[in-house]
Structures are given as structure tokens and as C-alpha cells.
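Here the structure is laid out as C-alpha cells; the discussion comes afterwards.
The values are calculated or read from the model by the stated rules, or taken from the named source; none is laboratory data. Predicted model, so just to flag it, every value in this text is computed and none were measured. Cβ placement follows ideal geometry from the backbone for every residue including glycine, while neighbour counts extend to all protein chains displayed. The accessibility values were calculated without ligands, DNA or RNA, using every heavy atom of the protein model including side chains. Shrake-Rupley method; radii C 1.70, N 1.55, O 1.52, S 1.80 Å.
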Amino acid sequence: MRFRDRAILVTGGSRGIGAAIATAFATEGGLVVVNYRENAAAAEAVAERCRALGGQALTVAADVTDPAAVAGLAAQITEEVGRLDAIVNNAFAPYRFDPDHRVRFRDVPWEAYQRQFDGAVRATYTVVQALLPLMTRRSGAAIVNLASDLVARPSIPYHDYTTAKAALIGFSRNLAAELGPIGVRVNCVAPGLVYPTDASRDTPEEVREALIAQTPLRRLATPEDVAGPVLFLAGEESRFVTGQVLTVDGGLVMA
Amino acid sequence: MSSVEQAGHLPGLPDEAIGRRIVEHRAWGETVAVALPSLSEDQARALCGHVRTRARETLRRMETARIVEAIDRASACLLDRAHPLRRKAETLLPVVTGYDRETVRLGLTSYLKTFRRPQLLRFLAEDFSNPGVLDGFQPAVKGGFVRARGPDLLLHVWAGNVPALPLWSLVAGLLVKAGTIGKLASAEPLTAGWFARLIGEADPELGECLAVTWWKGGEGGPEAVFLAQAECVMAYGGNDTLAALRAKVPVTTRFLPHGHRIGFAMIAREALNSRRAGPLARLAAHDIVRYEQQGCYAPQMLFVERGGPVAPDEFARHLAHELAALASRHPRRRLDPGEASSIAAWRSVHEMRALDGGAVLLGDPADPWSVVLLDPATGLSPSGLNRSVAVVAVDALSDVPALVAPHRAYLQSAGIAAAPATLFRLAEDLAAVGVTRISAIGRMTAPEAGWHHDGRFSLLDLVTMTEIEASAEAAAEGFAPYAD
């Protein structure tokens with residue numbers, strides 16, 4: 001029960017990787033704030049699963065790119081939980097990982113980049129700004145941001161998505177440097193292709209097989225594979241680790 | 001358990017005749033047994049007589065330079081990390097005091113290096129424009145001659161458990177050639193005795209003029225003898241202890257008390273930019289961690305000025321993390337129930353205040369540190385000690401003298417981080433409300449050589465001056481064999 005009496009916010013926690021992360025924290029006794037944007041029923045189902053696993057859970061709707069909504073989220077956590085030990089910035093702007101129909105560079109409008117920056121960097125910025133005062137009441141808080149192994153190895157050039165994740169890594173390292181002295185660690189987890197999720201369901205079998213063939217551990221990541229490293233970086237075991245990117249892709253990228 | 005460490009230094013008393021009281025100290029998974037001397041009234045009387053006589057016969061006639069030499073040699077031994085006593089100090093003191101090894105090691109060196117020859121000379125020069133007055137009559141500016149003499153028998157009653165702290169007053173007494181008897185504090189009963197023995201090795205005659213012993217306070221017997229025999233009593237401790245002691249000291253005996261103090265620090269907005277605030281928080285954390293705020297000079301409150309790029313609440317968070325980080329290098333010593341409950345009481349006062357939004361508590365009760373941010377500002381108040389500290393947000397540092405003034409009797413040290421003009425302006429106001437020492441942040445627990453403890457003259461307060469007035473000198477000329 002590594003997270004008993006600990007409160008963790010998981011943004012975009014109603015499905016996919018976020019849901020797996022939320023339930024993993026609950027398994028370790030954590031109080032999980034399951035943030036979601038639209039799908040209240042899915043978020044509540046995740047919260048139910050968290051409770052069944054021995055944790056506590058609270059669902060809070062908020063578009064994490066909207067400062068007013070995030071202020072509401074922060075107020076609710078402050079009031080109902082009164083502490084925050086970790087934030088997992090998992091939410092991102094809607095994206096389809098579809099290699100066959102991906103947009104070529106000449107056709108990517110700047111707005112597409114902007115949308116991904118907003119979903120990755122701006123969302124993280126907004127959440128951290130709002131919750132830092134609560135987090136820093138205790139020494140030893142952690143922020144874990146979800147990046148992608150595509151930054152290190154653009155197997156498929158998803159220009160807008162990957163550039164935004166690269167920016168998120170730079171953002172995280174700067175934040176790590178500044179918040180280290182006040183006891184907050186900031187790290188990234190960079191998964192490879194995670195299957196199955198809503199975002200990756202359009203990635204065809206052939207591409208998946210090609211990735212598997214090049215992956216030393218010979219399979220794709222599952223949402224549960226990502227949860228372990230996130231828990232590690234959010235918890236006491238990684239207390240002397242900050243500013244790092246932990247790649248979780250079965251060894252496809254080695255850095 | 002290994003052997004029993006004999007505390008104290010008792011010249012003139014046969015070792016086998018001395019009663020001992022064994023006290024066990026436990027920390028860091030080890031046990032150290034210390035045998036405290038426990039004298040009968042007759043032995044106490046004999047010890048006073050021995051020290052007084054030997055001081056009169058030898059110490060009084062020694063040149064100050066010789067005493068300086070002996071103290072310098074004793075300090076050199078304890079500064080030498082290969083010396084058996086230094087090694088013993090590094091092994092036993094962490095267990096006896098509970099402080100971690102690094103703190104003890106660094107602290108011993110930092111104290112002892114203020115007792116080398118150059119620092120001792122500075123100590124003398126600080127109080128005497130001509131230290132020669134301690135060796136004989138010296139011409140006075142106003143005419144005539146003047147000489148300074150320390151008491152025949154000076155009694156020190158030491159308190160607290162900051163290792164080596166008693167050495168300050170011990171050294172001061174020796175420099176004014178006072179026959180010296182010191183009473184060990186139960187919490188740190190070793191260093192003063194070791195130092196006395198080293199002085200005895202460096203200069204056996206001097207070693208005979210100096211004794212270090214122990215008695216149970218408030219129980220008559222030997223205490224009454226020592227208090228009656230001493231010409232001057234220098235005492236450290238809480239106000240209750242000092243009041244009880246003062247009541248037992250004969251009216252004709254000089255009584256020099258050093259009571260509890262509340263140290264504080266002030267940080268100006270110019271010291272709170274993005275580059276400077278972090279290192280400053282680390283220095284402040286060192287002042288708080290070193291000896292767990294047990295010394296009179298340690299900060300218990302930090303007044304932080306608003307208006308800099310780093311706001312008071314952010315500074316509080318920097319400080320909190322520096323305390324958390326230092327805890328891995330210098331773990332906090334195990335607290336006794338009284339100490340733990342004083343932190344808990346301090347926290348609960350601030351938890352109440354937090355309900356009104358006037359305080360933010362950083363850290364959990366289980367953490368080996370506590371920081372509370374107080375905004376709006378409040379007046380000076382003691383912390384729960386043992387790494388608990390309040391950060392007080394103030395609009396201007398010029399507000400602080402009024403906030404600390406009600407505690408005039410408890411003021412002594414203030415750490416200041418500010419530009420020169422501000423430093424001097426604040427110093428004027430702080431001096432006016434009773435602050436006697438202003439240091440840099442990070443140096444609060446390390447007073448410089450020759451400092452004036454509680455604003456007093458460490459040496460000058462111990463001596464009496466004998467003056468040959470110009471009239472006597474002139475009249476004597478009339479009686480000279482060569483008089484015309």
C-alpha cells in the first residue's frame with residue numbers, strides 16, 4: 001500500500017492509459033482524483049473500480065486547458081481532499097494514431113500544432129500553476145507527465161503530436177530545475193504505442209506487427225504497462241529522481 | 001556497552017575517594033555510560049581550597065601569554081582529527097547528545113578554531129585596549145596606573161547540550177586568571193572535562209587551577225558549598241533555574257546569568273530574487289538544523305519582506321525543502337517526550353490559526369521539521385524548537401523591531417540579509433529594542449571569536465580594576481630615596 005493516505009490527480013483519467021494509472025494508484029491504497037472532460041459515466045466507472053480495489057476516488061469534470069475550469073478543480077481538491085501528493089498529466093488533445101491517413105507536413109496547418117501544444121504543454125502548465133500551492137504544503141510531491149517515445153524515434157511522423165510532446169519534455173525539465181529546491185520532482189513517462197486505446201485503435205495490424213518485430217520485448221505496451229513506471233515516478237521509491245524521461249516501449253528506443 | 005567514560009577533572013582529590021554516578025546515554029543504536037563525579041561537602045570544600053590556593057600561588061603570577069599558549073595547545077589537540085581525545089569526542093558525543101556525527105564533527109571544529117592563539121589574542125583585545133593590565137599595572141590615559149584581576153574562585157554553571165559550548169566561559173575565566181570550577185551539564189558532560197585535562201597536559205601548573213565537576217542541582221550539599229565559596233558565579237539556563245540559583249548565591253558574590261533567548265532572522269526583498277532566495281533558504285536551514293535550535297542564538301522566526309520576486313510563501317517552501325533535504329545528511333536527534341510535545345503544541349497553535357487563513361503549515365507531523373507561514377504578520381514568539389520555525393510575511397522589515405520589542409528580555413541574535421544601508425538602519429532600531437548581536441544568515445549559530453555574549457563583555461565583566469591614582473603616584477615621588 002505505497003500510496004495509502006496519499007492523494008493523486010490523474011488528468012484524462014476516464015479511459016485508456018489514464019484509467020489504468022488511476023486504478024493502479026487505487027490498488028496501492030491511494031486517493032485518486034479522476035479528472036475527465038466529457039464522459040462522466042466512464043469516469044464514475046473508473047472511480048468505482050478504484051474503490052473496489054481498496055482505494056478512494058473522486059471524479060471531477062474539467063477541461064484542463066481552461067484556467068477557470070482548472071481553478072474549480074483545484075478548489076474542489078483543496079476543499080474535499082486537503083492535500084495533493086502527485087499529479088499525473090495524462091490528458092492530451094484528441095488525436096488519432098492512423099499511419100495510413102496521417103497528415104503530411106505540407107498539409108499540417110499551424111492550428112494543428114497549436115491544438116497539440118495546448119493539449120500537452122498548456123494543459124500541464126494550467127494544472128501545475130493551479131495546484132502547486134496545495135502540493136508544496138508537503139515536501140516530496142511529484143509530477144509525472146505523459147510524453148511519447150516518438151520524440152526520440154519518430155517511427156511515424158505525427159508532426160503536431162510529437163512536437164508538442166517534445167515541448168512537454170523540455171517544459172518538464174525546466175520545471176524540475178525550478179521546483180527541485182522546493183521539494184517537487186518532475187519526470188516524464190514516454191510510452192511507445194499503447195494498444196488497445198481509443199486513440200490507437202486505427203493503427204493497422206501491419207504497423208503494429210512491424211513495431212513488435214523491432215521491439216526487443218516483442219509486444220506493444222498495454223495501459224497497465226505504463227501504470228507501473230508512473231507509480232514509481234510518483235512515489236517515494238524515486239525520491240531522488242527528477243527531470244528524467246522514462247521510456248516504456250519494450251526497448252524499441254534505448255537512450 | 002563498552003567502558004565507562006569518566007567525566008570531569010578534579011585536581012587535588014584522590015581518584016579512589018571520588019563518588020561516581022553512572023548515567024547511560026543512548027542514541028544511534030549505541031549506549032555510552034558516563035560516570036559523573038559526585039562529591040561530598042568536604043570534598044567540595046577541599047576542591048575549592050585547592051583551586052583557590054593553586055590559582056593564587058601560580059596562575060596569578062603567570063603571564064597571559066602562557067595561558068594563551070596552553071589553551072591554544074589544548075585546542076590544537078581537539079582540532080587534530082587523529083588525536084585520541086578528538087576521536088573519542090567524535091565517537092561518544094553523538095551518542096551522548098543525540099546529534100548526528102557530522103554535526104558533532106563540524107561543530108567541534110568550528111568552536112575549537114575560535115580558541116587558537118590569534119583568536120584568543122583578539123578575544124583579549126576586544127575587551128582590553130591594553131591586555132597587559134592582566135599581567136601588571138599599566139599606565140592609564142587619565143593618569144595613574146591600572147590593573148585588572150579576575151576572581152580568585154570563579155564558578156561556572158553550564159547548561160544545555162550544545163557540545164563544547166561551555167568552553168567559551170571556561171576560556172574567558174582562564175584568560176583573566178581566575179581559579180575555575182565548572183559544573184557540567186548532564187546533557188553534555190564530557191567536553192569541558194576533556195578540555196581541562198588537555199590544558200593540564202599542556203601546562204600542568206595551569207591544570208591544577210581548574211576543576212570540572214558535577215552535582216545534582218537544587219539539593220544543597222556540595223552545591224551550597226560551591227556557591228558559598230565562589231567569588232563570582234557565571235550561570236547558564238532557563239529563567240527558573242537562574243532565579244533559583246540566584247536566590248542561593250550570597251549577596252556579596254557577583255552573579256552573571258545568561259538566560260534563554262529567542263533568535264530571529266530578517267530577509268529583505270533585495271535578497272529575494274530568483275538567484276539569491278534558494279541559497280539563502282539553505283543558509284537559514286543550516287542555522288535551524290545546527291544543534292536543533294538548542295543554542296540561544298538559533299533562529300526561531302524568520303521575518304521575510306514582501307515585494308521581492310520571491311514572495312514569503314515561496315521562501316517558506318524553499319526553506320521547508322532545504323530542511324527536508326538536510327534531514328538526510330543531518331538526521332534530527334531523537335526527541336524526548338517533552339520536546340516532542342512542545343513541537344506538537346506549537347503546531348496545534350498554528351493549526352488553529354490556519355483555520356482562519358492566517359497560517360499555512362508546511363510538512364506533516366511525522367516530518368523531522370516544521371515550517372509555518374504566518375500572514376498577516378505576528379509578533380515574535382518561540383518555536384517548538386528541534387527544526388520548527390515560523391516564516392512571517394511582513395510588508396517592510398522596518399516593521400520588525402516593533403514586532404520583537406515586547407520580548408526585549410529574550411532578544412540577543414538577529415540574522416540579517418539586506419543591503420548595507422538597510423542593514424545599518426535596521427541595526428539601529430534593533431539595538432534600541434535590545435538585540436545585541438547581528439550576524440549573516442548561515443552564521444547565526446557560529447558567533448565570531450571575541451563576541452559579546454548577551455551584549456556583555458566576556459572578560460571585562462569578570463575582572464575588578466585596581467587603580468593607582470595619579471595623586472598616589474605623585475605623592476610617592478615625595479617619599480622616594482632620591483627625592484630632593
For the structure I just gave you, tell me whether B:S388 is buried (at least 22 other Cβ atoms within 10 Å of the Cβ), of a type in the set (S, T, Y), touching a strand residue (DSSP E or B) at 6+ places or on another chain (Cβ under 8 Å) and within 30 Å of B:V349 (Cα to Cα). yes
When you scan the stretch B:199-266 for helices (runs of 4 or more DSSP H) that lie fully inside it, which ones turn up with 3 or more residues that are closer than 30 Å to B:R116 by Cα? B:204-207
Just checking: which of the strands (runs of 3 or more DSSP E) contained wholly in the stretch B:1-112 hold 3 or more residues that are open to solvent by less than 70 Å² (accessible area, probe 1.4 Å)? B:19-27, B:30-38
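Residues are listed down the side, and each one gets a yes or a no for (1) out of contact with any strand residue (DSSP E or B) (no Cβ under 6 Å at 6 or more places or on another chain); (2) under 30 Å from B:V157 (Cβ atoms); (3) outside the structural domain of B:P376 (by TED's automatic domain parsing):
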site: B:A268; (1), (2), (3): no, no, no
site: B:A281; (1), (2), (3): yes, no, no
site: B:A285; (1), (2), (3): yes, no, no
site: B:R290; (1), (2), (3): yes, yes, no
site: B:Y297; (1), (2), (3): no, yes, no
site: B:F303; (1), (2), (3): no, no, no
site: B:G307; (1), (2), (3): yes, no, no
site: B:A320; (1), (2), (3): no, no, no
Exactly one of B:A196, B:A228 is in contact (Cβ under 8 Å) with a residue 12 or more places away in the chain and out of contact with any helix residue (DSSP H, G or I) (no Cβ under 8 Å at 6 or more places or on another chain), and that one is B:A228
Go through (1) at pLDDT 95 or above; (2) within 30 Å of B:T241 (Cα to Cα); (3) within 18 Å of the chain's Cα centre (by Cα) one by one and return the number of the condition B:S75 breaks. (2)
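Matching residues to (1) closer than 30 Å to B:T97 by Cβ; (2) surrounded by fewer than 17 Cβ atoms within 10 Å (Cβ to Cβ):
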{"site": "B:L374", "(1), (2)": "no, no"}
{"site": "B:V404", "(1), (2)": "yes, no"}
{"site": "B:H407", "(1), (2)": "yes, no"}
{"site": "B:A419", "(1), (2)": "no, yes"}
{"site": "B:F424", "(1), (2)": "no, yes"}
{"site": "B:R437", "(1), (2)": "yes, no"}
{"site": "B:A440", "(1), (2)": "yes, yes"}
{"site": "B:T464", "(1), (2)": "no, yes"}
Yes or no: the stretch B:167-178 includes at least one residue that is of a type in the set (A, V, I, L, M, F, W, C) and open to solvent by 20 Å² or more (accessible area, probe 1.4 Å). yes
Say we look at the stretch A:110-158 and pick out the residues that are part of a loop (DSSP other than H, G, I, E, B) and within 14 Å of another protein chain (Cβ to nearest Cβ); which of these is least open to solvent (accessible area, probe 1.4 Å)? A:T136
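So, in the stretch A:208-254, how many residues would count as being among the charged types (D, E, K, R), over 20 Å from the mean Cα position of the chain (by Cα) and open to solvent by 40 Å² or more (accessible area, probe 1.4 Å)?
First, pick out the residues of the stretch A:208-254 that are among the charged types (D, E, K, R): A:208-209, A:218-219, A:224-225, A:236-237, A:239, A:249.
Those left that are additionally over 20 Å from the mean Cα position of the chain (by Cα): A:208-209, A:218-219.
Keeping just the survivors that are open to solvent by 40 Å² or more (accessible area, probe 1.4 Å) gives A:209, A:218-219.
Within the stretch A:208-254, residues that are among the charged types (D, E, K, R), over 20 Å from the mean Cα position of the chain (by Cα) and open to solvent by 40 Å² or more (accessible area, probe 1.4 Å) number 3.
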Which numbered condition in (1) open to solvent by 10 Å² or more (accessible area, probe 1.4 Å); (2) not basic (K, R); (3) not in a helix (DSSP H, G or I) is the only one that B:H156 fails? (1)
Could you look through the stretch B:301-316, keep only residues that are surrounded by 22 or more Cβ atoms within 10 Å (Cβ to Cβ) and more than 11 Å from chain A (Cβ to nearest Cβ), and pick out the one that is nearest to the chain's Cα centre (by Cα)? B:M301
Restricting attention to the stretch A:166-188, and to residues there that are surrounded by fewer than 24 Cβ atoms within 10 Å (Cβ to Cβ) and over 19 Å from B:H321 (Cβ atoms), which single residue is farthest from the other protein chains (Cβ to nearest Cβ)? A:A166
Consider the stretch A:62-96. How many of its residues are among the small types (G, A, S), outside any helix (DSSP H, G or I) and in contact with an Asp or Glu (Cβ under 7 Å, 6 or more places away or on another chain)? 1
Against the definition (open to solvent by 10 Å² or more (accessible area, probe 1.4 Å) and hydrophobic (A, V, I, L, M, F, W, C)), how does B:A281 come out, yes or no? no
Between a first residue in the stretch B:306-332 that is free of Cβ contacts under 8 Å to residues at least 24 places away in the same chain and a second residue that is assigned to a helix (DSSP H, G or I) and polar (S, T, N, Q), which pairs have beta carbons less than 7 Å apart while being 6 or more apart in sequence or on different chains? none
In the stretch B:391-402, the residues that are within 18 Å of B:V372 (Cα to Cα) and either surrounded by fewer than 13 Cβ atoms within 10 Å (Cβ to Cβ) or touching a His at 6+ places or on another chain (Cβ under 6 Å) (or both): B:D395
What tally of residues in the stretch B:220-272 results from selecting those that are open to solvent by less than 10 Å² (accessible area, probe 1.4 Å) and among the aromatic types (F, W, Y)? 2
Quick check: is even one residue across the stretch A:205-217 outside any helix (DSSP H, G or I), of a type in the set (K, R) and farther than 18 Å from A:A147 by Cα? no
Name, by its number, the condition in (1) within 14 Å of chain A (Cβ to nearest Cβ); (2) closer than 23 Å to B:V162 by Cβ; (3) in a helix (DSSP H, G or I) that does not hold for B:I288. (1)
Could you check how many residues of the stretch B:317-360 are out of contact with any helix residue (DSSP H, G or I) (no Cβ under 7 Å at 6 or more places or on another chain), under 21 Å from B:Q294 (Cα atoms), within 14 Å of chain A (Cβ to nearest Cβ) and open to solvent by 50 Å² or more (accessible area, probe 1.4 Å)? 1
Candidates B:S471, B:S458, filtered to the one that is on the phi < 0 side of the Ramachandran plot, of a type in the set (S, T, N, Q) and open to solvent by less than 60 Å² (accessible area, probe 1.4 Å): B:S458
Qualifying residue in the stretch B:265-282 (condition: away from chain A (no Cβ under 13 Å) and closer than 21 Å to A:L175 by Cβ): yes
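Determine whether B:E448 is modelled with pLDDT under 95, closer than 19 Å to B:G263 by Cα, of a type in the set (D, E, K, R) and open to solvent by 50 Å² or more (accessible area, probe 1.4 Å).
So B:E448 fits the description; yes.
Please verify whether the stretch A:49-59 includes one or more residues that are small (G, A, S), within 19 Å of the chain's Cα centre (by Cα) and open to solvent by less than 60 Å² (accessible area, probe 1.4 Å).
The answer is yes; a qualifying residue exists.
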